[in-house]
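See structure below.
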Amino acid sequence: MELSHKLQIANVVALALAAGALTMNTCAMDRLEQQVIRANDTLEQAKEAGGFSGGGGGGGKVVASQSRGAPGTGTGLQAVGWGNNKAEILFVEGAAADAPLTLAEKPLPQNDTYVNRRPSAPGTLNYYATSEGDASTIASYSLGRLMRVDPDAPPGVLPDLATSWDVSADGLTYTYHLRKGVLHADGRRFTSADVKFSFDVLRDTAVNADHLRSEFDQVVEVETPDDYTVVVRYREPYWKGLYTVGYVLRILNKGWYEEQIPVWAQKLEITEYSTVPGQPGFGDVFNKIRVPPPSTGPYYYADADYDPKSGIELVQNPFYYGIQTEPDYYNFKVVKYIFISDPVAAFEEFRKQRFDVTVTQFQEWDDEYSKDPTITDIAQYFEYDHTGIGWSLVAWNNRQAPFDDPRVRRAMAHLINRQWILDEVERGRGRIAVCPSKPSYPMYPTDLEPLDFDLEEAKKLLADAGWTDSNGDGVLDRDGKRFEFEFKVPSGGRFYTQLGALMDDAMKQVGIRMTVRPLEWSTFVEDLDNRRFDAAAFYDSPPDPWVDSYAGFHSSQDIPNGGNVYGWHNDKADALLEAMRTEFDDDKRNAMYKEFCAIYQQDQPATLLVHGLVGVLAHKRLEGAKVRPTGLQTFDMWVKPENVLHD
């Protein structure tokens with residue numbers, strides 16, 4: 001769950017697991033040194049040329065390979081995909097020269113199983129029906145996008161399911177030209193109808209996608225004039241508009257849902273349903289489908305249902321268009337996830353080579369694992385920043401006393417020794433966080449000082465808010481009510497144990513009683529979604545390089561399953577968040593964001609802790625593992641036949 005755009009707190013389980021998305025993707029993004037693609041430049045180009053055409057990365061137009069059939073025509077070769085469905089492989093638009101057509105023809109070995117360990121299982125794999133980050137990351141293997149972040153030059157973008165796009169001169173209309181020859185993993189053709197269906201699912205208020213919906217507030221309509229054209233019309237210009245449908249929207253398989261919704265309705269004993277988004281009964285069934293559809297990604301989920309108590313296996317998609325456009329990418333025949341909550345037990349399994357990649361906390365790496373020859377003999381260690389790394393935090397429930405008072409929340413910030421967290425837990429890797437963005441982004445207020453650990457200042461603020469020890473029992477009270485609260489954390493994480501002990505000691509010194517309550521992951525997420533907490537610790541990160549904090553902090557997003565999990569309402573912050581959405585000038589928008597961060601610092605809807613780095617252990621048999629400008633990428637990796645381990 002992520003809060004600045006959509007809740008991605010499944011990346012949490014420990015502060016050092018700041019790369020929750022990384023362990024799922026093995027796709028960490030290195031420190032982003034550039035600002036977002038300048039949308040104002042896009043408009044200037046549009047004014048000069050009467051419109052903008054591009055797809056990022058060398059102009060955005062894909063280059064057709066020679067001596068091949070026309071894109072979208074049959075190759076004469078058959079493959080079997082999801083559900084044992086057989087279909088003819090098509091020639092793909094933008095294929096590489098002399099590109100292979102089948103998995104067997106790819107230049108690198110297609111062998112072995114890539115095994116990833118996660119501390120806990122997501123409750124569902126339905127991307128649009130949950131805000132869990134792990135579900136989102138798994139979706140990246142199976143659900144395609146119209147564009148993708150350039151792995152070598154973020155935040156630049158490259159064509160994906162769209163080969164190019166145009167932006168109207170007024171910035172209100174975006175036209176995406178879709179790639180021909182793409183098939184879903186069940187052999188169905190990918191068309192503009194899938195894009196429209198995905199948008200309609202997102203906009204259906206009965207679907208549990210509140211955490212995503214605000215990104216599309218200004219979209220008036222999505223049109224599909226033909227099978228390979230999508231036209232998106234906005235009510236007013238939005239600086240991030242190109243990337244909202246282009247990147248945020250994950251593309252579903254319309255035909256699969258039309259086939260499977262009746263099947264699931266029968267299984268769930270739901271008699272009144274619809275296969276059309278927005279119609280009564282659609283959301284009732286859709287939200288309960290726990291599996292991702294076979295779509296256009298490099299892998300698909302083959303099982304008929306999903307059991308969180310079991311592992312997850314994703315199978316190579318024989319119809320994946322990337323076989324022809326990027327033949328060197330994605331070379332594991334299976335991507336597998338196993339779930340081990342106890343970190344000690346997990347590293348015993350890693351020593352036995354039961355899984356391939358894991359994030360390690362710096363305390364363990366510095367003190368133990370770096371000195372363990374069993375570990376260093378089988379694994380290589382990487383350490384870096386990436387765009388998926390955000391900030392650890394303590395959220396205060398602003399809807400209820402005592403945390404409905406900004407003075408109390410500021411006092412809480414003064415009671416958390418963040419310098420100790422940075423020095424002892426992060427071992428100096430990172431910096432104390434003051435703003436819900438990344439320090440490497442131009443919008444970040446580098447001159448904004450964090451609130452110090454200061455017991456006396458905390459006592460003063462609490463007294464100003466009316467909290468005193470009126471009866472001398474050592475506990476603060478107000479209007480006959482003691483200052484006591486429950487602090488919820490995900491279970492099994494060493495960081496949360498340390499944080500809880502650190503905070504409890506400081507709270508006692510000023511007369512506050514705090515109870516730490518570790519929760520199993522699915523229960524923790526459910527409590528956050530339903531706002532059943534006093535205070536909670538987790539990890540948040542921006543979902544993409546184009547930071548828009550509206551979904552995470554605007555008061556309109558204080559709804560069940562919405563991004564504003566804190567329940568923060570601030571009129572000045574709301575006004576800035578609204579104004580930033582229509583400001584195309586980077587410098588002006590960045591100045592507004594810094595002003596927003598100053599208000600955030602004053603109000604403390606949540607206390608941000610640390611911007612950290614990530615340490616990753618990867619098995620040495622993984623050839624091609626390297627840190628690009630965007631970090632480690634699963635698609636780079638492959639295994640020599642003699643080193644196959646999990647076949």
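Laid out as a table, the results:
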| quantity | calculated |
| --- | --- |
| Odd one out for A304, checked against (1) within 19 Å of N253 (Cα to Cα); (2) hydrophobic (A, V, I, L, M, F, W, C); (3) modelled with pLDDT of 95 or more; (4) open to solvent by 10 Å² or more (accessible area, probe 1.4 Å) | (3) |
| For D170: the one exception among (1) assigned to a loop (DSSP other than H, G, I, E, B); (2) open to solvent by less than 10 Å² (accessible area, probe 1.4 Å) | (2) |
| Lone unmet requirement of (1) out of contact with any strand residue (DSSP E or B) (no Cβ under 6 Å at 6 or more places or on another chain); (2) open to solvent by less than 10 Å² (accessible area, probe 1.4 Å); (3) over 30 Å from D558 (Cβ atoms); (4) of a type in the set (V, I, T) for T191 | (2) |
| Criterion (touching a helix residue (DSSP H, G or I) at 6+ places or on another chain (Cβ under 9 Å), over 23 Å from D647 (Cα atoms) and among the polar types (S, T, N, Q)) met by exactly one of Q361, Q316, Q324 | Q361 |
| Residue tally, condition more than 31 Å from the chain's Cα centre (by Cα) and over 30 Å from D356 (Cα atoms), over segment 86-113 | 8 |
| Residues of segment 225-258 satisfying the condition of being assigned to a strand (DSSP E or B) and aromatic (F, W, Y) | Y234 |
| Answer residue from segment 627-647, given it is closer than 20 Å to P298 by Cα and within 24 Å of the chain's Cα centre (by Cα) and is surrounded by the fewest Cβ atoms within 10 Å (Cβ to Cβ) among those | F635 |
| Those residues of segment 461-497 which are free of Cβ contacts under 8 Å to residues at least 40 places away in the same chain, surrounded by 15 or more Cβ atoms within 10 Å (Cβ to Cβ) and not in a helix (DSSP H, G or I), in sequence order | V475, L476, D477, R482, E484 |
| The one condition in (1) open to solvent by 20 Å² or more (accessible area, probe 1.4 Å); (2) closer than 25 Å to V201 by Cβ; (3) in a loop (DSSP other than H, G, I, E, B); (4) at pLDDT 95 or above that Y330 fails to fulfil | (2) |
| Unique match (being open to solvent by less than 40 Å² (accessible area, probe 1.4 Å) and modelled with pLDDT of 95 or more) among D544, D574 | D574 |
| Unique residue being farther than 29 Å from I432 by Cβ, at pLDDT below 95 and not hydroxyl-bearing (S, T, Y) when the list is P641, P560, P629 | P560 |
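Listed here are the residues, each with its yes/no results for (1) more than 20 Å from F286 (Cβ to Cβ); (2) at pLDDT below 90; (3) not hydroxyl-bearing (S, T, Y).
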site	(1), (2), (3)
A96	yes, no, yes
K106	yes, no, yes
T124	no, no, no
S131	no, yes, no
Y141	yes, no, no
G156	yes, no, yes
P159	yes, no, yes
S164	yes, no, no
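The values are calculated or read from the model by the stated rules, or taken from the named source; none is laboratory data. Everything quoted here is computed from the prediction, not taken from an experiment. Quick reminder, even Gly has a Cβ in these numbers, built from the backbone with ideal geometry, and neighbours come from all protein chains shown. Surface accessibility is based on the protein's heavy atoms, side chains included, excluding ligands, DNA and RNA. Shrake-Rupley method; radii C 1.70, N 1.55, O 1.52, S 1.80 Å.
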